[in-house]
Amino acid sequence: MTTKEAILNKIQILITNHFNTPEQAFTFFDKDGNGKLSKDEIVKLLKQAEISGFIRGIVSSKLIEGYDIDGDELINWEEFKLAIDEISDKSSS
């Protein structure tokens with residue numbers, strides 16, 4: 001199975017290569033414009049990041065589980081930013 005680090009690295013590559021800022025990526029994947037990423041929207045982000053279809057559902061659930069601070073089962077901008085900061089910290093160490 002793909003490691004967490006490999007998945008986070010693919011997400012970072014997607015954001016770095018296709019968007020000028022993390023905010024732009026968040027807005028792009030927030031299809032309904034509600035300021036939060038649903039599991040379906042996260043699955044689309046993972047697809048764009050070339051995460052295997054077999055594990056996208058599992059990974060999206062784990063990302064929500066790991067970064068959903070307010071417990072609404074969605075990822076808001078602040079939670080997304082924390083995830084991006086963690087990705088950036090890991091890639092620079």
- Query: Excluding Ala49 itself, what net charge comes from residues whose Cβ is under 11 Å from its Cβ, given Lys and Arg +1 and Asp and Glu -1?
  - Reply: +3
- Query: Which of these values of Cα extents along the principal axes in Å was calculated from the structure shown: (i) 54, 25, 24; (ii) 42, 20, 18; (iii) 31, 29, 22?
  - Reply: (iii)
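The numbers here are math on the coordinates, done by the rules we state, and not lab data. Quantities reported herein were computed from a predicted structural model and do not represent experimental measurements. We place every Cβ from the backbone using ideal geometry, glycine too, and count neighbours over all the protein chains shown.
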